[in-house]
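Notes to accompany the following structure.
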Amino acid sequence: MKKYLVSCLLFLILTSWLQGQSLKARIKIDLERQVGDIDPLIYGNFTEHLGRCIYGGIYDPNSPVANQDGFRKDVVEATRNLGVTQVRWPGGNFASGYHWTDGIGPREGRPKRKDLAWGDTESNLVGTDEFMQFARQAHVEPYVCVNLGTGSWDEARNWVEYCNAKTGLYYSDLRAKNGHPEPYHVKYWGLGNEMDGPWQMGHRSAEDYSKFALEAAKLMKWSDDSIKLVASGSSFYNAGWMDWNKTVLTTLHDHIDYLSLHHYSGNYDKDHYKFMAITIRVEDIIRLTEGLINEVRDLYKMEKPIYIAFDEYNVWYRAENAQKLEEHYNMQDVLVVAMYLNTFLRHANVVKMANMAQLVNVIAPMMVTNGKLWLQTIYYPLQLFALHCKGHSLETFLECDKYDAGDFKQVPYLDVSSVYNEQTKEVFINVVNRHLDKSIETSIASQFGKWASQATVYEVNSQNLTDENTAEMQKVKTKETTINTGSEGFTYSFPAHSFTMIKVKLK
Ligand code: AHR
């Protein structure tokens, strides 16, 4: 018995000692190994007529913080501070039943309609002119998704005319009559939303969607040949998801500039390590889609690129329709959002647009509770990337321990991307430590150029993965510190379950 107790004790001491030990890793940064130029459009968000995103989110004329146009000043300001570059609108599933002419002209004359996507009554108080105003105030590019569900080709081309044509045509004159003589020059247009999904109003087969979208694309580009079009690609990944993309790309290749992809993540099994591996799947989806794009471009001997617009991504698994998708985010979700962004950066050659779904209240980085705006945990990683990661994305050498979880094999504990901004001569190293309880001591070497003697560290972390922010308390936020570095590199210990961005300047 005594022997048994002693060996138990030794075992406990050994395991707790092992747990206390940090793991080791190596990162090498080479400024000449560039993946591609980072398109600032990858730092986008999304506003849909859904729950309290538009009404009670961006627009709330009765709020004491509303500006003269009815937009919440705090939401406008937090959007600017987030560094977001473009915002998609009006949906989402909502777009597939939306008739844009309902939302223009004097407000008293606008019809109330039942939105079949989410079951709400749409007041149409916010329509095209209001959204353009919001976009201008928030300093973002508008990205409009047309209705290729219940809508028509004419509706799509007329919307382009309303937004982009000089006065002198029926719809541009209508815009002027509504108080906006100058065109909005909306450059980015989506050809429908998630048309691959049976939940979508007007869902079609890949062939039918592609034929329908092709005619819409022609008419829209003939209305304004400077616009860029995004075809509706895969939004769920069943056995045949690649076939959908192949048909869309083959039929529309000449007419589109982007293929859209969507992906949402959830910790359904309450398994931290499986959840932390989810963006490995996102990486596969991007690689496979890039392969299809290359195949089609090669087949048609195309010079024009086709890029990926990852125009919906986020963590979303707790808030169902009844709660109008008001997801409350925690520290664990920060890591997943940072890994989505790392993944997009690692594929910066082909992912040229991305949209966190959404912007406010609905699966969003900011929330309004009892009239007060507060920032969710996932605001911080997006803000760090959007404000800092500009320039060239680099291929990063990484060597570290790995783990297996479910179907995911050999997942590195660290998830890394790096960026070189030629203008400012700054390098950014973005690291998620997936490990639950171990820090990872990492040697970071510069393969090209000497580094300054100090670096700035931005860390998003919290004691518990379940820590959330509330209207009263910001438990999870960015903390900034300065560290000493060496000209050829330095060692940094990435804390357990953290997201860290290190900014180091070239000498
Ligand atoms: O962002 C919420 C919904 O998720 C969008 O309306 C739809 O496109 C997706 O399924």
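I need the GluC sites (Glu not before Pro) found in segment 380-429, filtered to DSSP loop residues with at most 16 other beta carbons within 10 Å of theirs.
Sparse-neighbourhood loop GluC sites (Glu not before Pro): 422.
Note down the net charge around residue 377, summing +1 for each Lys or Arg and -1 for each Asp or Glu among other residues with Cβ under 12 Å from its Cβ.
-2
Kindly sort 110, 80, 52 by accessible area of their heavy atoms, largest first, with the probe set to 1.4 Å. Before the final figure, lay out the partial values.
Numbers: 110 25, 80 110, 52 80 Å².
So the residues, ranked largest to smallest area, are 80, 52, 110.
Which value, in debye to the nearest 20, gives the size of the charge dipole of the chain about its Cα centre, when Lys and Arg are +1 and Asp and Glu are -1 at the Cβ? Walk me through the intermediate numbers first.
Working: 53 positive and 62 negative charges, 226 e Å.
Its charge dipole is roughly 1080 debye.
What order, most packed first, do the peptides 367-373, 432-438, 255-261 have when packing is the mean number of other Cβ atoms within 10 Å of each residue?
255-261, 432-438, 367-373
Taking only Cα atoms of the chain, what ratio of Rg to Rh do you get with Rh as the Kirkwood inverse-distance radius?
Across the chain, the Cα-based Rg/Rh ratio is 1.00.
Return the loop-located trypsin sites (Lys or Arg not before Pro) in segment 202-286 (DSSP other than H, G, I, E, B) with at most 16 other Cβ atoms within 10 Å of their own Cβ; answer none if there are none.
Qualifying residues, ordered by number: 270.
Based on alpha-carbon atoms only, what is the radius of gyration of segment 239-278 relative to the globular estimate 2.2 N^0.38 Å? Kindly include the intermediate steps, with their values, before the conclusion.
On the way: Rg = 15.5 Å, N = 40, 2.2 N^0.38 = 8.9 Å.
Working it through for segment 239-278, the quotient is 1.74.
Quick one, could you list the DSSP H helices from the chain stretching 24 Å or more along their long axis (Cα atoms) with average Kyte-Doolittle hydropathy of 1.0 or above?
Long hydrophobic helices here: 2-20.
Taking 51 Å as R0, compute the FRET efficiency from the Cβ-Cβ separation of residue 401 and residue 178 and round it to 0.05.
It comes out at approximately 0.25.
Between beta-carbons, use under 13 Å as the cut-off and find the net charge around residue 443, counting Lys and Arg +1, Asp and Glu -1.
Its environment carries a net charge of 0.
Could you sort 242, 201, 276, 473 by their accessible area in this structure, using a 1.4 Å probe and putting the largest first?
Greatest to least solvent exposure: 473, 242, 201, 276.
Measuring with a 1.4 Å probe in the full set of protein chains, what accessible area per residue, in whole Å², belongs to the chain? It would help to have the intermediate numbers written out before the result.
Numbers: 20890 Å² over 507 residues.
Each residue of the chain exposes 41 Å² on average to a 1.4 Å probe.
Which number do you get for Rg(Cα) / (2.2 N^0.38 Å) in segment 115-184?
Details: Rg = 13.2 Å, N = 70, 2.2 N^0.38 = 11.1 Å.
Cα Rg divided by the expected 2.2 N^0.38 Å: 1.19.
Regarding segment 162-295, what's the average projected area of the Cα-atom convex hull, expressed in nm²?
Values: hull surface 42.5 nm².
Across all orientations, segment 162-295 yields a mean hull projection of 10.6 nm².
May I ask which of 246/402; 187/218; 477/505; 246/324; 372/477; 479/507 have a Cα-Cα span longer than 22 Å here?
246/402; 477/505; 246/324; 479/507
Per the Debye formula with a single identical scatterer at each Cα and no solvent contribution, what log10 I(q)/I(0) holds for segment 425-507 at q = 0.13, 0.14, 0.21, 0.22 Å⁻¹?
Those come out to -0.45, -0.52, -0.95, -1.01, one per q.
Which of the aspartates and glutamates could a cross-linker span from residue 24 if the Cα-Cα distance has to be under 12 Å and same-chain partners fewer than 8 positions apart are dropped?
Output for residue 24: 399, 401, 441.
Given the -39500 (n - 2.57) contribution per DSSP H run of 4+ residues, what per-residue ellipticity at 222 nm results for the chain, rounded to the nearest 500 deg cm²/dmol?
Calculated at 222 nm, the ellipticity per residue is -9000 deg cm²/dmol.
Scale the Cα Rg of segment 103-150 by the rule-of-thumb value 2.2 N^0.38 Å and send over the ratio, two decimals.
Taking N as the residue count of segment 103-150, the ratio is 1.29.
Once Rh for segment 64-169 is found with the Kirkwood sum over Cα pairs, what is the Stokes-Einstein diffusion coefficient at 20 °C and 1.002 mPa s, in µm²/s?
143
By the scheme Lys and Arg +1, Asp and Glu -1, what is the net charge of all other residues having a beta-carbon under 13 Å from that of residue 476?
It works out to a net charge of -1.
Leaving ligands, DNA and RNA out of it, work out the accessible area of residue 60 with a 1.4 Å probe and give it in Å² to the nearest 10.
40
Taking the convex hull of the Cα atoms, report for segment 339-466 its projected area averaged over all directions, in nm².
10.7
Between the DSSP loop rule and a limit of at most 13 other Cβ atoms within 10 Å, which GluC sites (Glu not before Pro) in segment 316-364 are left?
320
The values are calculated or read from the model by the stated rules, or taken from the named source; none is laboratory data. This is a predicted model, so every value here is computed, not measured. Positions of Cβ are backbone-derived with ideal geometry, glycine not excepted, and every protein chain shown enters the neighbour counts. Note: areas computed on protein heavy atoms with side chains; ligands, DNA, RNA excluded. Shrake-Rupley method; radii C 1.70, N 1.55, O 1.52, S 1.80 Å.
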